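Before any comments, here is the structure.
The values are calculated or read from the model by the stated rules, or taken from the named source; none is laboratory data. Being a predicted model, the structure only gives us computed values, none of them experimental. In this analysis, Cβ positions are derived from the backbone assuming ideal geometry, glycine residues included, and neighbour counts consider all displayed protein chains.
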Amino acid sequence: MKVKEKGHTLIIKKSEGTLLEFIEKINAQYNSYKKFNIIVDLSDEDIDDQGDDLLLFEELALSQAEENKSFVIVVENIDFNEFDEELVVVPTLLEAHDIIEMDEIQRDLGF
C-alpha cells in the first residue's frame, strides 16, 4: 500500500495483495487517516464491471462521512451510476480532487 499526502488529502494506492487485504490495511490504520480526506486509487486494478468489489469500501466511506471528511474511489471503466450516494466513484484522480474541493466548499458554507 502506498500513501501520498497532498495537502488535506491522502491518496492511497494498492500495491500488493488482494483487495480485501488492502481494505483490512486501511481499516487497521484508519485512526491515522481519519483527519484527512481520502482518495483510494484503484485505477490500475481489475475491478468487475458492476463494481461489486467496491461495496467493500462502504463502511469506510460512512466512517469518513461521520468525521465530516470525503472518501472518493478512483476506478476506470465502470458503470458509475451503479453506486448510491454513500460511495463516490470517479474515473480519474483529477475528478477525485475536484469532488473533494466541492465537498469542502459545501462544508465551509454549512451544507
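Select the strands (runs of 3 or more DSSP E) contained entirely in the range 16-111, then report the ones holding at least 1 residues which are without any contact (Cβ under 8 Å) to a residue 24 or more places away in the chain.
It comes to 88-90.
Would you please name the residue that is surrounded by the most Cβ atoms within 10 Å (Cβ to Cβ), looking only at residues in the range 82-98 that are aliphatic (A, V, I, L, M) and at pLDDT below 95?
Per the stated criteria, the residue is Val89.
Across the range 2-15, which residue is nearest to Val75 (Cα to Cα) among those that are part of a loop (DSSP other than H, G, I, E, B) and either of a type in the set (A, V, I, L, M, F, W, C) or under 15 Å from the mean Cα position of the chain (by Cα) (or both)?
Ranking the qualifying residues of the range 2-15, first place goes to Lys14.
From the set of residues in the range 71-81 that are touching a Pro at 6+ places or on another chain (Cβ under 9 Å) and not polar (S, T, N, Q), which is surrounded by the most Cβ atoms within 10 Å (Cβ to Cβ)?
By that ranking, first place goes to Val74.
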